[in-house]
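Asker: The structure under discussion is supplied below as structure tokens; questions concerning it will follow.
Every read-out reported here was derived from the displayed coordinates using simple, explicitly stated rules and does not represent laboratory data. None of these values were measured; they are calculated from a predicted model. Here Cβ is always computed from backbone atoms with ideal geometry, including for glycine, and neighbour counts include all displayed protein chains.
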Amino acid sequence: RGADQAWQYDGFAERVLEATQGQGVDVVFDSVGKATLRESFRACRTRGLIVNYGNVSGSITDLDPMELGEAGSLFLTRPRLNDHMADGPTVQRRANAVFAAMLEGSLTVDIEGHYTLEEVQQVHARIEARQQIGKAVVWLDRELH
């Protein structure tokens, strides 16, 4: 998807700092939450932006705003989909943009596999084990497809 480098999230801040000659990145998109947020602070440049949009490792309940200052006057945001998709025209406009990008080829979706409803547990296990690359499509009724 255009990334120059990618790492697993354990200890990623050190690798980011090495790759950026100690500067850090402009923006960190953190979907993990509790287990990675402070590491995201370390990976971000001074006055950079942290976008925390998930909490699969748990909610962050012990954040002192002073940490943002001490980490380089960082900005932290926690967007919610409802606030960005607040009405029908907005949803329609954004859906149109996504589907137009897919039709023109500038946005693609990698489908890893097609599964039946009976295979959902298997797919979830693959996701949890970090073995799933691409999207899994689950057919609810094979007769329709």
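Asker: Could you list the residues of the stretch 125-141 with an amide nitrogen less than 16 Å from a label point located 7 Å from the Cα of residue 57 in the Cα-to-C-beta direction?
Answerer: Of the residues in the stretch 125-141, 128-130 have backbone N under 16 Å from the label point off residue 57.
Asker: For residue 136, what residues show an amide H to amide H distance below 5 Å, using hydrogens built from the backbone and excluding near sequence neighbours?
Answerer: Counting only residues 5 or more places away or on other chains, the set is 112.
Asker: Now, a different point. Could you give me the ³J(HN,Hα) list for the stretch 31-40, computed from phi with Karplus coefficients 6.51, -1.76, 1.60 and θ = phi - 60°, whole Hz, x at Gly and Pro?
Answerer: Going residue by residue, I get 9, 8, x, 3, 6, 10, 4, 5, 5, 4 Hz, with x marking Gly and Pro.
Asker: Ranking 34, 135 by Cβ neighbours within 10 Å, fewest first, what do you get? Intermediate values should be presented prior to the final figure.
Answerer: Values: 34 16, 135 10.
Placing the least packed residue first, the sequence is 135, 34.
Asker: Follow-up. What is the set of long-range amide H partners of residue 35 at a cut-off below 5 Å, with H atoms built 1.01 Å from backbone N?
Answerer: It is 57, by chain and number.
Asker: Compute the relative contact order of the chain as a whole-number percentage, counting only Cα pairs closer than 8 Å that sit 6 or more residues apart in sequence. Before the final figure, lay out the partial values.
Answerer: Working: 173 pairs, mean separation 21.6, N = 145.
Relative CO of the chain lands at 15 percent.
Asker: Checking a compactness column here: for the stretch 12-77, what do you get for Rg(Cα) / (2.2 N^0.38 Å), N being the number of residues?
Answerer: Values: Rg = 11.0 Å, N = 66, 2.2 N^0.38 = 10.8 Å.
Here the Cα radius of gyration is 1.02 times the empirical estimate.
Asker: I'd like the distance between the alpha-carbon centres of the stretch 1-63 and the stretch 105-127, rounded to an integer number of Å.
Answerer: 26
Asker: Would you please give the residues with an amide H less than 5 Å from that of residue 44, counting only those at least 5 places away or on a separate chain, with H modeled from the backbone geometry?
Answerer: Long-range HN contacts for residue 44: 25.
Asker: Per-residue HN-Hα couplings for the stretch 90-101, Karplus 6.51 cos²θ - 1.76 cosθ + 1.60 at θ = phi - 60°, whole Hz, x for Gly and Pro?
Answerer: 5, 4, 5, 4, 6, 5, 4, 5, 5, 5, 5, 5
Asker: Scaled to the compact-protein estimate 2.2 N^0.38 Å, what is the alpha-carbon radius of gyration of the chain, rounded to two decimal places? Numbers along the way, then the final one.
Answerer: Numbers: Rg = 18.8 Å, N = 145, 2.2 N^0.38 = 14.6 Å.
Compactness ratio reported: 1.29.
Asker: Restricting to DSSP loop positions (anything but H, G, I, E, B) with no more than 10 other Cβ atoms inside 10 Å of their own Cβ, which GluC sites (Glu not before Pro) remain in the stretch 1-94?
Answerer: Values: sites: 14, 18, 39, 67, 70; in loops: none.
Qualifying residues, ordered by number: none.
Asker: Can you compute 3J(HN,Hα) from phi for each residue in the stretch 125-134, using the Karplus curve 6.51 cos²θ - 1.76 cosθ + 1.60 with θ = phi - 60°, rounded to whole Hz and x for Gly and Pro?
Answerer: 5, 5, 5, 5, 8, 6, 9, 8, 10, x
Asker: Full extension from residue 104 to residue 75: what is 0.36 nm times the residue separation minus their Cα-Cα distance, to one decimal in nm?
Answerer: Values: separation 29, 0.36 × 29 = 10.44 nm, distance 3.46 nm.
Gain on stretching residue 104 to residue 75: 7.0 nm.
Asker: Gain in length, residue 120 to residue 87, computed as 0.36 nm per residue apart minus the alpha-carbon separation, to one decimal in nm? Intermediate values should be presented prior to the final figure.
Answerer: Working: separation 33, 0.36 × 33 = 11.88 nm, distance 3.21 nm.
Gain in length upon complete extension: 8.7 nm.
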